[in-house]
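Scroll down for the structure; my scribbles are underneath it.
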Ligand SMILES: Nc1ncnc2c1ncn2[C@@H]1O[C@H](COP(=O)(O)OP(=O)(O)OP(=O)(O)O)[C@@H](O)[C@H]1O
Ligand SMILES: [Mg+2]
């Protein structure tokens with residue numbers, strides 16, 4: 001398995017240097033930057049700094065700008081991870097290399113882990129750029145619990161990775177990337193508490209929030225970064241995130257295998 | 001040994017009937033096919049377009065699961081033991097797929113080799129020798145997208161050998177290759193079977209290739225096996241006749257009786273056609289090759305022979321005949 005991780009990592013790095021559509025990179029950063037700017041301007045000029053009193057109760061903090069900036073940054077990080085991993089197999093299919101892969105006894109775990117570790121370099125860079133930009137517009141990191149933030153970061157990568165496997169099999173099923181990914185990203189941005197607390201949502205939408213790993217991940221990340229809280233205060237969220245990850249991992253790895261077979265059968 | 005036992009493959013495809021209506025259609029691509037391939041043997045799969053050759057090859061190489069029947073490789077079921085089987089089989093298809101265009105030849109082979117869990121040192125060694133074998137050693141550091149079609153195809157061949165497979169499936173491997181490279185490849189394939197003991201299945205639309213390489217030929221039509229034999233025996237089965245065409249400047253009437261006697265003794269038929277150049281073609285069809293006796297007869301009568309063509313039926317004729325029969 002390790003050799004496949006390494007080989008996939010190296011392969012993707014080479015391909016990235018030769019041919020990565022750098023507009024993707026810019027696009028991801030801009031998504032985050034736009035969220036920050038949008039929040040900043042509406043907060044400053046539309047609400048004139050006055051916040052709905054419920055916000056403090058729902059969000060556990062008064063710092064709306066930090067809230068939105070972290071939301072935007074983690075959202076675009078989730079989107080990058082989801083996109084890079086979920087598109088990997090369908091890209092092989094489109095480029096005609098899927099059969100070369102499937103004819104070998106390759107380790108799927110190794111393949112996907114290689115893909116995700118390779119792209120973490122790039123997505124982390126995107127994340128750092130967005131956060132740095134956020135600092136200019138009022139992100140407050142003075143109380144940050146660094147250790148907790150890193151731990152949640154790692155857990156979140158794992159959960160986005162698992163969700164990506166599931167998304168990947170949907171893409172293979174519909175042989176589409178554009179509609180599947182953008183539908184998911186739209187729903188995610190709306191229901192996971194990216195720009196406003198989930199508590200504002202009507203009850204019938206809330207089940208959607210609970211199946212998005214981004215939701216517990218954001219809740220924890222914010223309290224650890226903005227309030228400097230300990231993770232031990234958020235055991236429920238940790239469990240929530242882990243249960244979602246394992247469920248997605250389970251469904252995703254079964255369905256992706258199934259979809260591989262299907263796509264090979266239907267295409268010639 | 002590869003044992004294909006009563007294998008069928010049914011493709012199910014959705015047929016659109018209208019906006020919301022669709023219906024499943026079944027297409028039997030391979031129909032109760034059975035055959036065996038032993039180490040060192042090259043077996044040819046022949047058949048017209050759509051006969052089911054690629055489908056058979058994809059099943060043998062684990063890419064497709066049979067709808068029914070079993071395939072065993074070295075005693076292992078290819079569905080139940082797919083990981084183990086995958087490590088000793090490989091497939092090479094004609095065309096430009098199965099390669100990463102952004103990577104160089106070397107990087108491609110390195111990546112595919114790692115999927116088989118090969119150790120670095122062994123992989124390095126194998127890559128070097130494979131690239132030399134397919135004549136790409138001096139181009140090994142150029143991205144594949146800058147390769148010509150033939151170069152991609154040769155790299156594809158190296159890819160198919162990266163795990164040193166015991167079983168190799170070749171689906172039109174010389175498609176689009178120029179004559180000299182195709183010839184080189186044929187020699188190489190022969191060597192892989194005869195010297196390295198690999199079991200090989202080959203499909204090709206170049207009959208010469210099949211005749212030259214294969215120890216045994218399976219002719220399939222609409223997914224079913226119609227004939228299975230050595231290539232020379234197959235042609236004999238369908239065509240018992242040799243055709244001999246001798247061009248002469250004249251044929252005196254006095255010779256007709258003698259010719260007739262000689263040819264009918266051999267149960268042959270003959271005719272004379274005059275050509276545009278005021279010459280005559282003597283065309284003789286017979287089971288036995290009559291070149292010697294006819295030439296000496298003509299020489300005895302001091303006739304000048306301008307040209308001799310002796311034609312043996314080829315596998316190509318067999319396939320043509322078959323497709324005429326099925327479409328009739
Ligand atoms: N993925 C698929 N889905 C549905 N039908 C298919 C599929 N692949 C092949 N077929 C059908 O199965 C039959 C056999 O196809 P196959 O590709 O095996 O033929 P072939 O002998 O390789 O032909 P060719 O000489 O053209 O390569 C054909 O009728 C083809 O239309
Ligand atoms: Mg074919």
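Here, each number is a calculation from the coordinates, and none is a lab measurement. On a predicted model such as this, the values are computed, not experimentally measured, just so you know. In this analysis, Cβ positions are derived from the backbone assuming ideal geometry, glycine residues included, and neighbour counts consider all displayed protein chains.
Remarks
- Per-residue packing, averaged as other Cβ atoms within 10 Å, sorts the ranges A:252-264, B:203-215, A:71-83 into the order A:71-83, B:203-215, A:252-264, beginning with the highest.
- Exposure proxy for A:211, A:239, B:246, B:200: other Cβ atoms within 10 Å of each Cβ, ordered fewest to most, give A:239, A:211, B:246, B:200.
- Sorting the segments A:131-139, A:200-208, A:174-182 by their residues' average number of neighbouring beta-carbon atoms within 10 angstrom, most packed first, yields A:131-139, A:174-182, A:200-208.
- Neighbouring Cβ atoms from other chains, within 10 Å of the Cβ of residues in B:111-124, number 5 on average.
- Average other protein chain Cβ within 10 Å of Cβ, residues B:11-20: 1
- Take each residue of peptide B:63-70, count the partner chain Cβ atoms within 10 Å of its Cβ, and average: the result is 2.
- The stretch B:171-230-the stretch A:109-188 distance, computed between alpha-carbon centres (Å): 50
- Ranking of B:241, B:250, B:172 by neighbouring Cβ atoms within 10 Å, starting from the fewest: B:250, B:241, B:172.
- Inter-centroid distance (Cα atoms) of the stretch A:193-263 relative to the stretch B:61-124, Å: 37
- Highest-MSF residue in chain B out of B:53, B:166, B:245 [GNM, Cα springs under 10 Å]: B:245
- Peptide ranges B:150-160, B:287-297 listed from the most packed, as the mean C-beta count within 10 angstrom indicates: B:150-160, B:287-297
- Among A:147, A:215, A:160, the largest mean-square fluctuation in a Gaussian network model of chain A (Cα springs under 10 Å) belongs to A:147.
- Rounded to 5, percent antiparallel among DSSP beta bridges of the protein assembly as shown: 70
- Cβ crowding within 10 Å ranks A:122, B:304 as B:304, A:122, fewest other Cβ atoms first.
- Once Rg and the Kirkwood radius are both taken over the C-alpha atoms of chain B, their ratio Rg/Rh works out to 1.10.
- For the protein assembly as shown, the convex hull spanned by the alpha carbon atoms encloses 219 Å³ per residue.
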